[in-house]
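The values are calculated or read from the model by the stated rules, or taken from the named source; none is laboratory data. Because the structure is a prediction, the values reported are computed rather than measured. For neighbour counting, all protein chains shown are included, and Cβ atoms are generated from backbone atoms with ideal geometry for every residue, glycine included. Side chains are part of the model used for accessible areas, which takes the heavy atoms of the whole protein and leaves out ligands, DNA and RNA. Shrake-Rupley method; radii C 1.70, N 1.55, O 1.52, S 1.80 Å.
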Amino acid sequence: MKDMYILAIESSCDETSCAIVKNGCEDIATVILSQIDIHTNFGGVVPEIASRHHLKNITMVIEECLKKSKLTMDEIDAIAVTYGPGLIGSLLVGVEAAKTLAMVYNKPLIPVHHIAGHIYANNLTKKMEYPLLALVVSGGHTELVYMKDEYQFEKLGETLDDAIGETYDKVARVIGVGYPGGPVIDKMAQEGVHEYNLPLPLNDNSYNFSFSGLKSAVINLAHNYEQRDVELNKANLAKSFQDVVIETITKKTLKALKDNDIKRMIISGGVAANKSLREGLKKVCEENGIECSYPDLKYCTDNATMIGAAGYFAYKKGITADSNLNAKSSLSLV
Ligand code: KG4
Ligand code: ZN
């Protein structure tokens with residue numbers, strides 16, 4: 001079969017990204033312009049500011065990516081774009097850019113769900129084989145997704161309230177260590193010991209998660225120490241928090257794997273960059289004869305490469321859109 005080159009665009013949150021991906025697995029060129037430095041001043045992403053920056057940078061990011069790939073638009077077979085879920089103003093910038101490219105150059109347009117992108121980030125590192133269980137852990141999502149076959153998604157469980165990445169970010173804000181919180185807490189936890197007793201979130205038999213109770217417990221603990229004018233050991237709190245998070249995620253994931261007799265799993269989303277989570281899951285999987293893999297670090301957080309990878313398989317399933325495609329802030333994977 002002829003090689004297929006997809007130009008992909010991702011702008012659902014605070015990264016403006018364009019990539020060119022060959023056959024859903026080969027990263028030909030990737031450009032990611034992060035707005036982290038801008039949003040750090042506010043302790044989180046400000047939607048209005050994010051969309052303004054996407055608008056300012058999208059053309060430059062696409063041009064830069066094409067230049068890096070040494071390909072021309074004639075050699076591109078299709079355009080893929082994240083159309084949801086995410087920040088509506090941010091998504092709209094990417095969707096309009098993709099629609100324009102598809103129309104001007106007469107290419108098929110492929111709508112991609114952001115989470116499908118995170119899942120297919122794995123295919124850039126190692127060819128995905130089925131059936132598998134995907135653990136999706138990002139700033140906005142915490143889900144267990146069963147994939148019987150290519151581009152087939154079945155949700156087994158999800159968070160009932162806050163997403164795990166969001167919880168990391170909130171904890172980091174409460175203890176005053178900056179945004180995004182995940183990488184900082186992860187690093188601090190390596191230097192701490194488990195000192196504080198925190199509740200194990202939603203410790204039940206379901207495949208669902210709940211992190212709001214844990215978040216509140218950390219906030220209350222921090223306030224309590226502040227009121228008593230006692231210094232909190234931030235590294236120890238990071239370690240105590242992370243231990244509880246990893247224990248609950250590992251427990252639920254293993255249960256889903258065993259109950260459904262699934263022998264393969266992948267980790268995806270920004271929190272998949274977490275070293276302890278990767279190592280913890282890998283170890284548990286090894287002990288239970290389950291294959292566990294995760295994407296290269298550079299493909300964990302938001303990027304257009306993963307959208308190009310997912311777009312290839314969506315296209316093979318006949319998923320395309322026309323100029324009526326609209327961005328959707330909330331959009332279910334299944
Ligand atoms: O997937 P992503 O880039 O955006 C969404 O789709 O939401 O994920 C971003 C999230 C942030 O909440 C960030 O704090 C978290 O991923 N994150 C981490 C790590 N690196 C990024 N969380 C824990 N440990 C990390 N090493
Ligand atoms: Zn994401």
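Could you pull out the longest piece of the chain with no exposed loop chymotrypsin sites (Phe, Trp or Tyr not before Pro) in it, calling a site exposed if DSSP puts it outside H, G, I, E, B and it has at most 14 other Cβ atoms within 10 Å?
Numbers: sites that count: 42, 105.
Value returned for the longest uninterrupted segment is 106-334.
Any chance you could list the semi-axes, whole Å, largest first, of the equivalent ellipsoid that the Cα gyration tensor gives for region 1-41, using √(5λ)?
Working: eigenvalues 157, 13, 7 Å².
That gives 28, 8, 6 Å for the three semi-axes.
On average, how much accessible surface per residue is there in region 1-159, in Å², for a 1.4 Å probe, leaving out ligands, DNA and RNA?
Numbers: 6430 Å² over 159 residues.
I get 40 Å² per residue for this part.
Tell me which lysines have Cα within less than 17 Å of residue 56's Cα, excluding those fewer than 8 residues away on the same chain?
Counting by Cα, and skipping residues close in sequence, residue 56 has no lysines nearby.
Rounded to the nearest 0.05, what FRET efficiency do residue 177 and residue 150 give with R0 = 35 Å and r taken as the Cβ-Cβ distance? Could you check? Show your work: numbers first, answer last.
Details: r = 41 Å, r/R0 = 1.16.
Taking R0 as 35 Å, the efficiency between residue 177 and residue 150 is 0.30.
At a threshold of 8 angstrom on Cα-Cα distance, excluding pairs fewer than six apart, so keeping six or more, what relative contact order does region 135-249 reach in percent?
Details: 190 pairs, mean separation 30.8, N = 115.
For region 135-249, the relative contact order is 27 percent.
Ratio of the chain's C-alpha Rg to 2.2 N^0.38 Å, to two decimals? Spell out each step's value before the answer.
Values: Rg = 20.0 Å, N = 334, 2.2 N^0.38 = 20.0 Å.
Here the Cα radius of gyration is 1.00 times the empirical estimate.
Take the Cα atoms of region 288-334, build their convex hull, and give its volume per residue in Å³. Walk me through the numbers before you get to the answer.
On the way: hull volume 7.6 nm³, N = 47.
Hull volume over Cα atoms, normalised by residue count, gives 162 Å³.
Normalised radius of gyration for region 86-199, please: alpha carbon Rg relative to 2.2 N^0.38 Å, two decimal places.
On the way: Rg = 18.3 Å, N = 114, 2.2 N^0.38 = 13.3 Å.
In units of the globular-protein estimate, region 86-199 measures up at 1.38.
Report the full-extension gain for the segment residue 251 to residue 324: residue separation times 0.36 nm, less the Cα-Cα distance, to one decimal in nm.
Going from the current span to full extension adds 22.0 nm.
Would you grab the residues whose amide H sits under 5 Å from the one on residue 292? Only those 5+ places off in sequence or on another chain, please, with H modelled 1.01 Å from N.
Answer set, sorted by chain and number: 265.
Which value, in Å², gives the accessible area per residue of region 215-281 when a 1.4 Å probe is used on the protein heavy atoms? Before the final figure, lay out each step's value.
Working: 2970 Å² over 67 residues.
Value for region 215-281: 44 Å² per residue.
Under a Cβ-only charge scheme (Lys and Arg +1, Asp and Glu -1), can you give me the dipole magnitude of the chain about the Cα centre, in debye to the nearest 20? Could you put the intermediate results ahead of the total?
Details: 34 positive and 42 negative charges, 78 e Å.
Here the size comes out at about 380 debye.
So what is the relative contact order of the chain, in percent, for Cα pairs below 8 Å that sit 6 or more residues apart?
Values: 746 pairs, mean separation 86.0, N = 334.
About 26 percent, as a whole number.
Quick check: at a probe of 1.4 Å, how many percent of the accessible area of region 130-294 sits on carbon and sulfur atoms?
It is 45 percent, rounded to a whole number.
Which trypsin sites (Lys or Arg not before Pro) in region 144-228 sit in a loop by DSSP (not H, G, I, E or B) and have at most 15 other Cβ atoms within 10 Å of their own Cβ?
Those satisfying the criteria are 148, 228.
Of the listed pairs 68/127; 215/252; 68/239, which have alpha-carbon separations greater than 29 Å here? Present the calculation step by step, with values, prior to reporting the outcome.
On the way: 68/127 25 Å; 215/252 19 Å; 68/239 41 Å.
Long pairs (Cα-Cα over 29 Å): 68/239.
May I ask you to list the trypsin sites (Lys or Arg not before Pro) in region 62-144 that are in a DSSP loop and have at most 16 other Cβ atoms within 10 Å of their Cβ?
Working: sites: 67, 68, 70, 99, 126, 127; in loops: 70, 126, 127.
Passing both the DSSP loop test and the Cβ count: 70, 126, 127.
In region 285-334, with Lys and Arg counted as +1 and Asp and Glu as -1 at Cβ, which of these residues, 327, 285, 311, has the Cα nearest the positive end of the dipole, that is, farthest along it?
Farthest towards the positive end: 327.
Quick check for me: using +1 on Lys/Arg Cβ and -1 on Asp/Glu Cβ, what's the dipole size of region 130-294 about its Cα centre, in debye to the nearest 20? It would help to have the intermediate numbers written out before the result.
Values: 19 positive and 24 negative charges, 36 e Å.
Roughly 180 debye, rounded to the nearest 20.
Given 0.36 nm per residue, what is the gain on full extension from residue 37 to residue 224 after removing their alpha carbon distance, in nm? The partial results should precede the final answer.
Details: separation 187, 0.36 × 187 = 67.32 nm, distance 3.11 nm.
Taking residue 37 through residue 224 to full extension adds about 64.2 nm, to one decimal.
Keeping to pairs on different chains or 8 or more places apart, tell me how many lysine pairs in region 263-331 have Cα atoms under 18 Å apart.
Details: 263/282; 263/283; 275/283; 275/298.
For region 263-331, qualifying lysine pairs total 4.
Contour minus end-to-end for residue 212 and residue 286, with contour as 0.36 nm per residue of separation and end-to-end as the Cα-Cα distance? Could you put the intermediate results ahead of the total?
On the way: separation 74, 0.36 × 74 = 26.64 nm, distance 3.06 nm.
Result: 23.6 nm gained on full extension.
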